[in-house]
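**Student:** I am attaching a structure below and will ask some questions about it afterwards.
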Amino acid sequence: MHIPIIDFSTFLDPSSSDGAKLKTAKELDQACREVGFFYLAGHGIDSTVFKDMLANAKHFFTTASHEEKEEIKVKPSGEGSGDDSRGYRVVERADAGYEALDFLRELETEGPPYTKGLGRNQWPKSPSNFRSVAEDYTARLVDLGIAIMKAFAMALDVPEKVFVSRIDQSFWQLRMAAYPGVPKDSDTSKSGLYQHSDFGILTFLLTDEHRGSLKVLAPNGKDWISADPVSDALICNIGDMLSVWTDGIYKSTQHKVLHNSENTRISIPFFFDPNWDARIEPVLGNSDEKSKTEGVNYKDIFTGAIKYPY
Ligand SMILES: O=C(O)CCC(=O)C(=O)O
Ligand SMILES: [Fe+2]
């Protein structure tokens, strides 16, 4: 299996012809049907933004004190300003080990107390540009997510508004993760993330230079392929809800992290998800009954996926 590199610049360029845009959209479409993963180049985001994001995440995980981390840790919903999902957490399980910071779109809701997912973000105080860099990055990826959905609509011959009206207030989630370094002589890695598929629409992943940590399941269901970083490109993958939306034509491919280096690995997934109130139903009228589902409500999927404590 080969993870293709898609140059998206033609689609983003307003002076491109419809024919040229369709060609790019079809390349994307093919990657989503066959692999469910692709590298996105020509996305228009300056590499300094990537560098700043990775540097700020590394700064927080490697230099923040225990107290600073505790202060912004994820708290249960109903307790103070907690909502189960935003802030700092440590995962130490048999099948996963990492530290994470999660930020989500803030909806205009009453509170505190907050219900699951509907609270407010908790930002590290240092470095001082942490929040502005992350918010700038988020704004760029929200625009990119909408543009890619337009490309999918074009390639699939679905009216653009069917997709756009359900993702134009995307309930995005920005995660910064640190997978701990693993001592050379240790025989099992406790640094990683169990096999899974992402539950939303589209994931944009930015990682540091470590190779061999992210593994993607090949279509034969046996081989694991390393999805190593490609300079200045984002690693993208399809989530379960887009797979449902496209009658199973786009693959939400299984993947996992097994980190074996002696150094901390920084990884920053951005989950581009539907609007909080969106209902997603298959749109293609695919005649294959096996791929048919009734459809799903995003907020049910999200609240089902967030299981506090982690
Ligand atoms: O860190 C990575 O490379 C991937 C993380 C991931 O798959 C996830 O958070 O869903
Ligand atoms: Fe994932």
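**Student:** Inside the stretch 234-276, can you point out the residues that are β-branched (Val, Ile, Thr) and more than 10 Å from ligand 1 (Cβ to nearest atom)?
**Tutor:** If the condition is that a residue be β-branched (Val, Ile, Thr) and more than 10 Å from ligand 1 (Cβ to nearest atom), then ILE238, VAL244, THR246, ILE249, THR253, THR264 are the ones that fit.
**Student:** So ASP208 ticks every box in (1) of a type outside the set (A, V, I, L, M, F, W, C); (2) touching a strand residue (DSSP E or B) at 6+ places or on another chain (Cβ under 9 Å); (3) away from ligand 1 (no atom under 13 Å from the Cβ) but one. Which box is left unticked?
**Tutor:** (3)
**Student:** Here's another thing I want to ask about it. Step by step: first the residues of the stretch 172-193, then only those that are basic (Lys, Arg) and in contact with a strand residue (DSSP E or B) (Cβ under 8 Å, 6 or more places away or on another chain), then the one that is farthest from ILE268 (Cα to Cα). Which residue is that?
**Tutor:** The selected residue is LYS190.
**Student:** Give the residue, chosen from ILE238, ILE167, ILE146, that is within 18 Å of the chain's Cα centre (by Cα), within 16 Å of ligand 2 (Cβ to nearest atom) and over 13 Å from VAL257 (Cβ atoms).
**Tutor:** Just a single option satisfies the conditions, and that option is ILE238.
**Student:** Among residues belonging to the stretch 262-281 that are within 16 Å of ligand 2 (Cβ to nearest atom) and over 23 Å from GLY117 (Cα atoms), point out the one that is nearest to the chain's Cα centre (by Cα).
**Tutor:** For the stretch 262-281, the residue satisfying everything is ILE266.
**Student:** Of everything in the stretch 224-269, what is surrounded by fewer than 20 Cβ atoms within 10 Å (Cβ to Cβ), aliphatic (A, V, I, L, M) and under 19 Å from LYS150 (Cα atoms)? Give them in sequence order.
**Tutor:** Within the stretch 224-269, just ILE249 meets the criteria.
**Student:** Would you point out the residue of the stretch 175-205, among those that are among the acidic types (Asp, Glu) and more than 25 Å from LEU242 (Cβ to Cβ), that is nearest to ligand 1 (Cβ to nearest atom)?
**Tutor:** Filtering first and then ranking leaves ASP187.
**Student:** Test of understanding: among LEU174, LEU141, LEU193, which residue is assigned to a helix (DSSP H, G or I) and within 16 Å of ligand 2 (Cβ to nearest atom)?
**Tutor:** Only one candidate qualifies: LEU141.
Each value in this text was obtained by applying a stated rule to the coordinates, not by laboratory testing. Model, not experiment: these values are computed from the prediction. Cβ coordinates were reconstructed from backbone atoms using ideal geometry, including for glycine residues, and neighbour counts include every protein chain displayed.
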